[in-house]
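The values are calculated or read from the model by the stated rules, or taken from the named source; none is laboratory data. The structure displayed is predicted, hence computed values, not measured ones. Note: ideal-geometry Cβ built from the backbone for every residue, glycine included; neighbour counts use all protein chains shown.
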Amino acid sequence: MGGAADSRAANRGAANRGASARRAVLLMGPTGAGKSDLAVRLAEEFSLEIVSTDSALVYRGMDIGTAKPGLATRQSVPHHLIDIRDPAMTYSAGDFVVDAAAAMEDIWGRGRQPLFVGGTMLYFHTLSAGIAGAHSCKRSAAHSTGDGGVQTHRTTHLAPAAVAGVGVGGRRRP
């Protein structure tokens, strides 16, 4: 009887280890709260890699005014989603979800855990709640005529309440 009980306990332990291997830690807060320093300390102490959840850090060359971690810090602790776009390129919450999912898979593949750090709450929200139809909206925007009509129509179709106050061209109405 003890052998069967030990076997079940071992199986539960293996299942729990498998489940914990697919978790992520979220560290969010306002600018200047000390998130980055805490994240580096946590990543050094535990088996974590930092995934930036800051809308400005994705852009190359935007080092001033963004509190971007220095190169030495990024070399000592793995960081993801920093310096991945040129400033002339767009980067949406939908892009973030796709890139974050790829980063998580990469990190989990090394037996480590992702630590999402930043203050862009939209990114945290889309990461946890998702974006309905993010890929189709992105394709529609790419094929728009430039006046925003296609993008606004598609977005309205997906989430009418979310865009009720947005006019053609994406500008917010008073």
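Some points to look at:
A quick yes/no check of all residues on (1) in contact with a Ser or Thr (Cβ under 6 Å, 6 or more places away or on another chain); (2) charged (D, E, K, R); (3) surrounded by 19 or more Cβ atoms within 10 Å (Cβ to Cβ):
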site: Glu45; (1), (2), (3): no, yes, no
site: Ser52; (1), (2), (3): no, no, yes
site: His80; (1), (2), (3): no, no, yes
site: Asp106; (1), (2), (3): no, yes, no
site: Gly118; (1), (2), (3): yes, no, yes
site: Leu127; (1), (2), (3): no, no, yes
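- In this entry, Ala102 passes the filter for residues that are farther than 23 Å from Ala67 by Cβ and surrounded by fewer than 16 Cβ atoms within 10 Å (Cβ to Cβ).
- Pair list, Cβ under 7 Å, 6 or more apart: the stretch 28-51 residue among the basic types (Lys, Arg) and at pLDDT below 95, other residue surrounded by 11 or more Cβ atoms within 10 Å (Cβ to Cβ) and in a loop (DSSP other than H, G, I, E, B): Lys35/Gly29
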